[in-house]
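To start, the structure itself, in structure tokens.
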Amino acid sequence: MYSASMSTSDRLIESTRELLWERGYVGTSPKAILERAGAGQGSMYHHFKGKPDLALAAITRTAQEMRAVVERLLDGPGTPSERIRAYLLRERDVLRGCPVGRLTMDPDIVASDELRAPVDETLDWIRERLAGLVEEGKEQGEFAPELDGEEVAATILATIQGGYVLARAAGSPVLFETGVRGLLSLLSPTTP
């Protein structure tokens with residue numbers, strides 16, 4: 001399943017990332033991690049203090065990966081509205097949900113300040129980046145001057161995360177796509 005050149009530590013982290021996304025923290029047993037990673041019984045404790053330490057490494061890597069994807073889109077070419085549009089329309093596995101957002105629904109992760117921190121920091125970072133783009137768009141006359149960047153950014157993130165929930169409940173990406181289209185129509189640049 002994993003490349004032969006991948007270290008045992010990386011295989012354990014990748015396995016944990018996948019299992020957290022699929023099963024949540026409680027459903028991610030050390031045995032399942034080791035089986036998926038193709039690692040021996042003592043491997044986890046050789047590389048990590050235990051399941052919480054490994055979960056933190058996995059959550060941190062997931063958060064870093066998400067930031068890199070979002071940064072490429074929000075720093076990419078185009079006007080602020082085009083970059084926000086690129087973020088909203090990026091390819092996603094909608095029915096699997098957001099690998100970071102789903103962690104907020106896991107009571108064990110939310111209850112742990114340490115495990116929750118990379119999730120919270122990543123969502124805050126995305127909101128701040130989106131708010132900055134809205135403000136930039138206002139300065140350029142692309143968005144109405146009365147828009148509040150922080151409010152719009154929270155709305156964008158709520159639409160994405162809520163869209164995942166609706167799509168998963170319906171078993172179809174249609175409601176996610178409908179929500180994104182609705183938000184895009186509300187965010188259409190002002191015309192002179």
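If you check Y45, Y25, which single one turns out to be aromatic (F, W, Y) and over 25 Å from L95 (Cα atoms)?
Numbers: Y25 fails: over 25 Å from L95 (Cα atoms).
Going through Y45, Y25 in turn, just one is aromatic (F, W, Y) and over 25 Å from L95 (Cα atoms): Y45.
Answer yes or no as to whether A131 is open to solvent by less than 30 Å² (accessible area, probe 1.4 Å) and touching a residue at least 12 places away in the same chain (Cβ under 8 Å).
yes
Taking the range 33-56 on its own, how many of its residues are in a helix (DSSP H, G or I) and either acidic (D, E) or open to solvent by 30 Å² or more (accessible area, probe 1.4 Å) (or both)? Before you say what the answer is, go through the steps one by one.
Taking the range 33-56 as the starting set, the residues that turn out to be in a helix (DSSP H, G or I) are 33-37, 43-47, 51-56.
Okay, now just the ones that are also either acidic (D, E) or open to solvent by 30 Å² or more (accessible area, probe 1.4 Å) (or both), so 35-36, 45-47, 51-53, 56.
Summing the residues that are in a helix (DSSP H, G or I) and either acidic (D, E) or open to solvent by 30 Å² or more (accessible area, probe 1.4 Å) (or both) in the range 33-56 gives 9.
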> Among the residues of the range 134-188 satisfying the criterion of being open to solvent by 60 Å² or more (accessible area, probe 1.4 Å) and part of a loop (DSSP other than H, G, I, E, B), which is nearest to G101 (Cα to Cα)?
Replying inline: D148
>> Please count how many residues of the range 19-28 are in contact with an Asp or Glu (Cβ under 9 Å, 6 or more places away or on another chain) and either open to solvent by 10 Å² or more (accessible area, probe 1.4 Å) or not in a loop (DSSP other than H, G, I, E, B) (or both).
In response: 4
> In the list R61, R83, which residue meets the criterion of being in contact (Cβ under 8 Å) with a residue 24 or more places away in the chain, among the basic types (K, R), within 30 Å of G141 (Cα to Cα) and outside any loop (DSSP other than H, G, I, E, B)?
Replying inline: R83
> Can you tell me which residues in the range 86-122 are open to solvent by 40 Å² or more (accessible area, probe 1.4 Å), among the hydrophobic types (A, V, I, L, M, F, W, C) and either closer than 24 Å to L20 by Cα or touching a Cys at 6+ places or on another chain (Cβ under 9 Å) (or both)?
Replying inline: L95, M105, V110, A111
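Answer with yes or no whether R11 is touching a helix residue (DSSP H, G or I) at 6+ places or on another chain (Cβ under 6 Å), of a type in the set (K, R) and within 21 Å of P118 (Cα to Cα). Working first, answer last.
Details: touching a helix residue (DSSP H, G or I) at 6+ places or on another chain (Cβ under 6 Å): yes; of a type in the set (K, R): yes; within 21 Å of P118 (Cα to Cα): yes.
Against the criterion (touching a helix residue (DSSP H, G or I) at 6+ places or on another chain (Cβ under 6 Å), of a type in the set (K, R) and within 21 Å of P118 (Cα to Cα)), R11 qualifies.
Hey, can you tell me all the residues within the range 57-85 that are more than 25 Å from R181 (Cα to Cα) and either of a type in the set (G, A, S) or open to solvent by less than 40 Å² (accessible area, probe 1.4 Å) (or both)?
The initial filter retains those residues of the range 57-85 that are more than 25 Å from R181 (Cα to Cα), namely 57-65.
The answer is A57, A58, I59, T62, A63.
The values are calculated or read from the model by the stated rules, or taken from the named source; none is laboratory data. Keep in mind that what you see is a predicted model, and the values were worked out from it rather than measured. Glycine also receives a Cβ, built like all others from the backbone with ideal geometry; neighbour counts cover every protein chain displayed. Just the protein is used for accessible areas: all its heavy atoms, side chains included, with ligands, DNA and RNA removed. Shrake-Rupley method; radii C 1.70, N 1.55, O 1.52, S 1.80 Å.
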